[in-house]
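Reading through the structure tokens given below for one structure.
The values are calculated or read from the model by the stated rules, or taken from the named source; none is laboratory data. Since this is a predicted model, take the numbers as computed values, not measurements. Heads up, the Cβs are rebuilt from the backbone with ideal geometry, glycines too, and the neighbour counts pull from every protein chain shown.
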Amino acid sequence: MNWMSQHWIALALLTGYTGMLFYNAYLGSQASRGMDGYYVGNREMSGVVVGISFFATFASTNTYIGHAGKAYEYGVAWFSMALLLVVFSWISWRWIGPPLRRFAAQWDALTIPDFLGSRYIASKHDATKHPLLQTSALVIVFASLLYLLAIFKGAGHLFQMFLDIPYEAGVGLTLLIVVLYTSVGGFVSVVRTDVMQGILMLLGSVVIFYFVTRAAGGVEAIGALRTVPDKEFLFELNGGIPFAVLLGVSLSGALKLLADPRQLSRFYALKDEAEVRRGKWIATLGLAIVLACLFPVGLYAHLILTDVTDTDLIVPSLVNDPGVFPVWATDFLIVSILAAAMSSMDSVLLVAASTLYKNLVAPFRASSQELLWTRTAVIGFSVVAAILALNPPGDIVEITIFSGSLYAVCFFPAVVFGLHWDSGSSRAVLWSMAVGITTLIIWISADLRQSLHEVFPALLLSTLTYYLLSRIDRSVPLTPDTTT
């Protein structure tokens, strides 16, 4: 009762926030009368809305907690991740978004496997059962499960640290809220909610930066940190980790902006080319502000915290410290960071469940109740992820980076070359996936990642395989199929 009276602002904000989630779910349900509405918002959404959703979806607890914490461990060199993320966000909207939106609309693609099938399968007869669609869908479902594990872990820790709710109960509460508004409202509900969450995240990142730097002694305290014994490594490229490895981690994270289905699906919903241009600047600037505020937090934490053993707990510990944040700021950040978790979780969940039903189940069990089965897949998939999150492997960044590596080696050649090179075949895509995944596993199993991150050799061999087989095979033209 004492906690509730002290943090009444957080309770009021959470109550209002949850109410808005369910209101968005209602509005989404009204717009989701058919598959196009539920999956891609009837392809009628504005660039401003989708741009905010794009960066809000990408900047999750992995950013607020994982990346900020890793800056504590790796120092200034970790900022290479932030730089690559901003650059790749712009690249994604400049060279991936426009053609992907256009081709997805012409081919009536609702998922990434749909796009790959339309682009690479010459014969459209019974194409829904083609190995390319089945394999790509399995990769998306598995990688999404890994990502959801990380977000559930972050949300569980947030409830535990901020609201004194047991970790397991926090995971369960997150599951309940996200499943309800995602399953009911579909894409429209997710994007409308992302806009609200994106605004909270922008404000929250600024609040975190201001109070942490003030507690550390001001922005200029970074210079004083250089003179602190045993902190020199923070300002060396190879101080916390070999830079070649760190660059690989950064690249695998940034490539998700070009190959991650939850990001690419945003382009499917845009109304026209003008909205793509608007969304490009909204998404890139929004992500840049969030990263610029959060990445330095790990450095300043060296001047505030001692005996840190789990970098995932740095930001929660700071936010919960009354010596760093006043009560009102803590309460606001509780809601902001929870919003960051849910803004990514709902998108991953919708993409995974939609792909699971449409590309893995529907081809073999046709049903006239597609929306009912998709909503069932949302619920079932999220429950499995939540159960596994009760004892997740690795830390948040490790889990999400591996899922990013999977997306990069499996979809980067197929999507990027498929949009801009009038060549390619289903065999080239399947073998590039197989070679990329095999290289990832071998590199990690042989413990070679200590000298070079696995995404470099895996992506190189995956792309080379795609290129060589595309030159050998008869190519599928890069034009919409008009045959029946």
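So which pairs qualify, if the first residue must be in segment 141-165 and closer than 29 Å to I112 by Cβ, the second must be assigned to a helix (DSSP H, G or I) and of a type in the set (K, R), the Cβ gap must be under 8 Å, and the two must be at least 6 apart or on different chains?
S144/R262
Given the structure, is L237 surrounded by fewer than 18 Cβ atoms within 10 Å (Cβ to Cβ), modelled with pLDDT of 85 or more, farther than 13 Å from L303 by Cβ and in contact with a helix residue (DSSP H, G or I) (Cβ under 9 Å, 6 or more places away or on another chain)?
Yes, satisfied.
Can you report the number of residues in segment 120-175 which are crowded, with 17+ Cβ neighbours inside 10 Å and of a type in the set (D, E, K, R)?
Number of matching residues: 1.
Enumerate the helices (runs of 4 or more DSSP H) found wholly within segment 27-102, keeping only those where 3 or more residues are more than 23 Å from V206 (Cβ to Cβ) and in contact (Cβ under 8 Å) with a residue 40 or more places away in the chain.
Result: 35-40.
Going through L313, L246, L291 one at a time, which residue ends up being in a helix (DSSP H, G or I) and at pLDDT 90 or above?
L291
How many residues does segment 216-233 contain that are in a helix (DSSP H, G or I), surrounded by 14 or more Cβ atoms within 10 Å (Cβ to Cβ) and not β-branched (V, I, T)?
Residues meeting the conditions: 4.
Does F211 qualify as being farther than 14 Å from S344 by Cβ, surrounded by fewer than 22 Cβ atoms within 10 Å (Cβ to Cβ) and hydrophobic (A, V, I, L, M, F, W, C)?
yes
For segment 54-71, check the following and say yes or no: at least one residue is of a type in the set (D, E, K, R) and either in contact with a Gly (Cβ under 6 Å, 6 or more places away or on another chain) or crowded, with 18+ Cβ neighbours inside 10 Å (or both).
yes
Being free of Cβ contacts under 8 Å to residues at least 24 places away in the same chain, within 16 Å of A137 (Cα to Cα) and either within 24 Å of the chain's Cα centre (by Cα) or surrounded by 16 or more Cβ atoms within 10 Å (Cβ to Cβ) (or both): is that true of V361 here?
Here the answer is yes, as V361 does meet what is asked.
Considering every residue within segment 196-215, establish whether at least one is under 16 Å from the mean Cα position of the chain (by Cα), aliphatic (A, V, I, L, M) and part of a helix (DSSP H, G or I).
Yes, segment 196-215 has at least one match.
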